[in-house]
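Asks: Here it is, the structure in full.
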Amino acid sequence: MAQNNSDLFLTMGAVHRGTSDWVRTNLSGKGRHSVLSLSILKYLDENNGIAQGELGLVLRRDPMTMSQAIRALQGNGLITSQTDKEDKRIKRLSLTKKGASLAKSIKSTEDKFLAALTKKWGKTRVNKLVKDIEDMNLFLNEFLET
C-alpha cells in the first residue's frame with residue numbers, strides 16, 4: 001500500500017484496476033466489457049433515462065469516449081437511446097432487458113467482493129472507507145471547479 005503521500009495515486013489506480021478486473025472476471029456470462037461499459041450499465045440501472053452528457057459528467061468521461069461506449073453497448077443490445085421530448089439535442093439512455101440483467105449481475109458480483117472485504121475488515125472499517133471515498137469525490141468535484 002501507499003508508503004507515503006506520493007504513492008497515493010499509484011495505489012488508487014492499482015486498487016481501481018484490481019477491483020474492476022476482479023468484477024469483470026467474475027461476472028456471469030461470457031461477454032467481456034470495459035470498465036466504462038460496466039459503470040454505464042450499473043449507473044443506468046439506478047438512473048434510468050439519464051442524459052448521455054450528464055452521465056459523461058458523472059463518470060468523468062469526455063463526449064467522444066462516451067459516444068463510443070454508448071454505441072458499443074447499443075450494438076450489443078444492452079441499452080437504448082431516445083431523443084428527449086423537450087430538447088431534441090439530448091439523448092436519454094435506458095437499459096434493455098438484457099442490459100438490466102447484466103447490471104444486476106454486476107451488482108451481485110460487486111456485492112460478493114464487498115462481503116469478502118467486510119468479512120476481512122469488519123463493517124465499521126468498510127463503511128469508513130466508503131465514506132472517505134465519497135468525501136474525496138466531493139472534494140474532487142469542488143477542486144476541479146476552481
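Asks: In the range 101-129, what count of residues is obtained for those that are over 22 Å from residue 37 (Cα atoms) and either loosely packed, with under 11 Cβ neighbours inside 10 Å or of a type outside the set (S, T, N, Q) (or both)?
Replies: Count: 13.
Asks: Given the conditions (1) within 20 Å of residue 20 (Cα to Cα); (2) charged (D, E, K, R); (3) surrounded by 12 or more Cβ atoms within 10 Å (Cβ to Cβ), which single one is not true for residue 91?
Replies: (1)
Asks: Considering 51, 69, which residue is hydrophobic (A, V, I, L, M, F, W, C) and either over 27 Å from residue 140 (Cβ atoms) or touching a residue at least 40 places away in the same chain (Cβ under 8 Å) (or both)?
Replies: Result of the check over 51, 69: 51.
Asks: Of the numbered conditions (1) exposed (fewer than 13 other Cβ atoms within 10 Å of the Cβ); (2) closer than 21 Å to residue 132 by Cβ; (3) polar (S, T, N, Q), residue 20 fails exactly one; give the number of that condition.
Replies: Only one criterion in (1) exposed (fewer than 13 other Cβ atoms within 10 Å of the Cβ); (2) closer than 21 Å to residue 132 by Cβ; (3) polar (S, T, N, Q) is unmet by residue 20, namely (1).
Asks: List pairs: first in the range 2-31 and under 16 Å from residue 136 (Cβ atoms) and among the hydroxyl-bearing types (Ser, Thr, Tyr), second part of a loop (DSSP other than H, G, I, E, B) and modelled with pLDDT under 85, Cβ under 8 Å, 6+ apart or cross-chain?
Replies: 11/1; 11/2
Asks: Continuing with the same structure: When you go through 109, 124 one by one, which is the residue that is within 23 Å of residue 19 (Cα to Cα), of a type in the set (S, T, N, Q), without any contact (Cβ under 8 Å) to a residue 12 or more places away in the chain and part of a helix (DSSP H, G or I)?
Replies: 124
Asks: Looking at (1) in contact with a helix residue (DSSP H, G or I) (Cβ under 6 Å, 6 or more places away or on another chain); (2) surrounded by 13 or more Cβ atoms within 10 Å (Cβ to Cβ), can you tell me which one residue 28 breaks?
Replies: Unmet for residue 28, out of (1) in contact with a helix residue (DSSP H, G or I) (Cβ under 6 Å, 6 or more places away or on another chain); (2) surrounded by 13 or more Cβ atoms within 10 Å (Cβ to Cβ): (2).
Asks: Report, by residue number, each residue of the range 52-64 that is of a type outside the set (D, E, K, R) and crowded, with 16+ Cβ neighbours inside 10 Å.
Replies: Listed by number, the residues that qualify are 52, 55, 56.
Asks: Report whether or not residue 119 is of a type in the set (D, E, K, R) and outside any helix (DSSP H, G or I).
Replies: no
Asks: Only one of (1) surrounded by fewer than 16 Cβ atoms within 10 Å (Cβ to Cβ); (2) within 17 Å of residue 16 (Cα to Cα) is not met by residue 67, so which one is it?
Replies: Just one mismatch for residue 67, condition (2).
Asks: Pick from 58, 23: which is β-branched (Val, Ile, Thr) and within 14 Å of residue 110 (Cα to Cα)?
Replies: 23
The values are calculated or read from the model by the stated rules, or taken from the named source; none is laboratory data. Not measured: the values here are computed from a predicted model. For neighbour counting, all protein chains shown are included, and Cβ atoms are generated from backbone atoms with ideal geometry for every residue, glycine included.
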